[in-house]
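Below is one structure; the comments refer to it alone.
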Amino acid sequence: QVQLVESGGGDVQAGESLRLSCAASGNRFRIGAMGWYRQAPGKQRDLVAAITFGGSTDYADSVKGRFTISRDYAKNTVYLQMNNLKPEDTAVYYCNVEIGATSYWGQGTQVTVSS
């Protein structure tokens, strides 16, 4: 059974940085795309950044130039480096991975940015 373990969330001041990690385990097949989504209170869950198996990346306009997604194929881990954080980045961040036709979600990690 696939498990995703997230880490790296926390409380920071505006302008500071955080690095989120999400490690996948239990998969028998190759992991395809990996990504990060976020959900603020009262809002829908939106894509923040994604990276394909081939390494192509995509970002939400609101985080371009501030966030960087990367992956370690050997460790089945995806990272999200978040720089120059803003209060509007406050949300629960969820890791997502695709294995075949199935999408798996992490448990979520809270990021709170104070002004």
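The values are calculated or read from the model by the stated rules, or taken from the named source; none is laboratory data. All of these numbers come straight from a predicted model, not from anything done at the bench. Reconstructed Cβ throughout: ideal geometry from the backbone, glycine too, with neighbour counts over all protein chains shown. To get the accessible areas, we keep the full protein, side chains included, count just its heavy atoms, and leave off ligands, DNA and RNA. Shrake-Rupley method; radii C 1.70, N 1.55, O 1.52, S 1.80 Å.
Remarks
- Carbon + sulfur, % of accessible area of the chain - ligands and nucleic acids excluded, 1.4 Å: 46
- Of T112, L4, T68, farthest towards positive along the dipole that unit charges on Lys, Arg, Asp, Glu beta carbons give the chain: L4
- Accessible area per residue for segment 1-67 is 58 Å², calculated with a 1.4 Å probe on protein heavy atoms, without ligands, DNA or RNA.
- The chain - charge dipole about Cα centre, Lys and Arg +1 at Cβ, Asp and Glu -1, debye rounded to 20: 240
- Rounded if a/c under 1.5, otherwise prolate or oblate - the chain, Cα gyration tensor axes: prolate
- When +1 charges are put on Lys and Arg Cβ atoms and -1 charges on Asp and Glu Cβ atoms, the dipole computed for segment 1-43 relative to its Cα centre reaches about 280 debye.
- Options M34, A14, A49, ranked by Cα towards positive dipole end of segment 1-72, top entry (Cβ charges): M34
- If the segment from Q81 to R66 were pulled out straight at 0.36 nm per residue, it would be longer than the present Cα-Cα gap by 4.6 nm.
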